[in-house]
Amino acid sequence: MSLIYIVEDDKNIQEIENIALKNSGYQVEAFALAGEFFEAVREKLPDLVLLDIMLPDMDGLQILEKLRMDPAAKRLPIIMVTAKTTEIDKVRGLDMGADDYLTKPFGIMELISRVKALLRRMGDLGSEKIFSIGKVCLDEEKHRVTVEGKGCELTYKEYELLKLLMMNAGIVTSREEILEKVWGTDFEGESRTLDMHIKTLRQKLKESGSMIRTVRNVGYILEA
């Protein structure tokens, strides 16, 4: 189930978007302020953001710019939503990194259609992604990891663990989420297995292994 963040201060519009997306099977969280939104992004990166331009504490374009400067959110799918209708506003948003644009008022069917299309497009691109952080590079298409340009042999679980941490670079990934996505379980008894895999992964990454930090009582974070 894809997670979508709505950033919209108009309660009526926020509610309409919220209900429409939930009825289409998406998990949704809504925010009226940029500050609240960025706090949530630091906790968990969504699969897509519906971003209004006119907000009380920060312009939507400033939010967009800040997200695109963050390595963790650089490829985050973003649909700009605004009452502005001039072509220059649309061009500016797209040039700054927005993936799509919706102008108020818009129909619910159009909203859902654009969300589905963007998520599908990003999913298609996903298999071709190459993640590069510090001296570590992970090529999903070749299923290959290199450290300082040299091949690094990882087990299947080590590879999946590294990929998850790299996909969430700069964001703390909880132990529960790692167990669920890498091991397919939330069984606490698997925690020791996770700790051992983190240990061996750090060793195989050599000096770059120090990028994987333990966040006590929470999980792990990978930072360059």
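The values are calculated or read from the model by the stated rules, or taken from the named source; none is laboratory data. Everything quoted here is computed from the prediction, not taken from an experiment. Quick reminder, even Gly has a Cβ in these numbers, built from the backbone with ideal geometry, and neighbours come from all protein chains shown.
A single entry from ALA83, ALA73, ALA40 fulfils the requirement of being closer than 24 Å to ALA169 by Cβ, at pLDDT below 90 and among the aliphatic types (A, V, I, L, M): ALA73.
Could you say whether any residue in the range 81-102 is touching a Phe, Trp or Tyr at 6+ places or on another chain (Cβ under 7 Å) and buried (at least 19 other Cβ atoms within 10 Å of the Cβ)? Yes.
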